[in-house]
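The values are calculated or read from the model by the stated rules, or taken from the named source; none is laboratory data. As the structure is a prediction and not an experimental result, all values here were calculated from the model. Cβ: placed from backbone, ideal geometry, glycine included. Neighbour counts: every protein chain shown. To get the accessible areas, we keep the full protein, side chains included, count just its heavy atoms, and leave off ligands, DNA and RNA. Shrake-Rupley method; radii C 1.70, N 1.55, O 1.52, S 1.80 Å.
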Amino acid sequence: MPKLDVTLTAEEIAGMLLRYIKTLAEKQVGNKVAECVITIPPNWDQKQKNSLLAAAKISKLNVLGELLLH
């Protein structure tokens with residue numbers, strides 16, 4: 001197997017995971033998924049929140065809102 005020299009950002013990796021989850025949700029509901037609400041842990045700082053929102057954008061999800069866990 002050839003070695004690939006690829007560097008991905010955390011946002012890109014999270015975006016790939018969200019895209020996969022989006023695909024699973026679409027198969028489950030039988031419709032396209034374009035919008036979501038994201039749950040964010042309360043101990044995350046603004047940079048971490050922004051990274052998660054960037055990941056959602058990479059996965060082509062429109063974030064309607066953010067829920068903070070308590």
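So the values come out like this:
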| item | result |
| --- | --- |
| Semi-axis lengths, Å, the chain, gyration tensor of Cα atoms, sqrt of 5 times eigenvalues | 22, 20, 9 |
| Portion, in percent, of the accessible area of the chain that falls on carbon or sulfur, probe 1.4 Å | 60 |
| Signed unit charges on C-beta, dipole axis of the chain, positive-most listed residue Q48, V29, S59 | V29 |
| Length released on extending from L8 to A25, taking residue separation times 0.36 nm less the Cα-Cα span | 3.7 nm |
| Listed residues G15, L69, P2: farthest to the positive end of the dipole of the chain (Cβ charges) | P2 |
| Lysine-lysine proximity count for the chain, Cα under 24 Å, sequence distance 8 or more or distinct chains | 13 |
| Ranking by accessible area, most exposed first, for E11, E35 with a 1.4 Å probe | E35, E11 |
| The chain, dipole about Cα centre (Lys/Arg Cβ +1, Asp/Glu Cβ -1), debye to the nearest 20 | 200 |
| Spacing of the two label points (7 Å from each Cα toward its C-beta) at L64 and Q48, in nm | 2.6 |
| Per-residue HN-Hα couplings for the stretch 54-65 [Karplus 6.51, -1.76, 1.60; θ = phi - 60°; Hz; x = Gly/Pro] | 5, 5, 5, 5, 4, 7, 6, 9, 8, 7, 7, x |
| Per residue accessible area of the chain, 1.4 Å probe, in Å² | 82 |
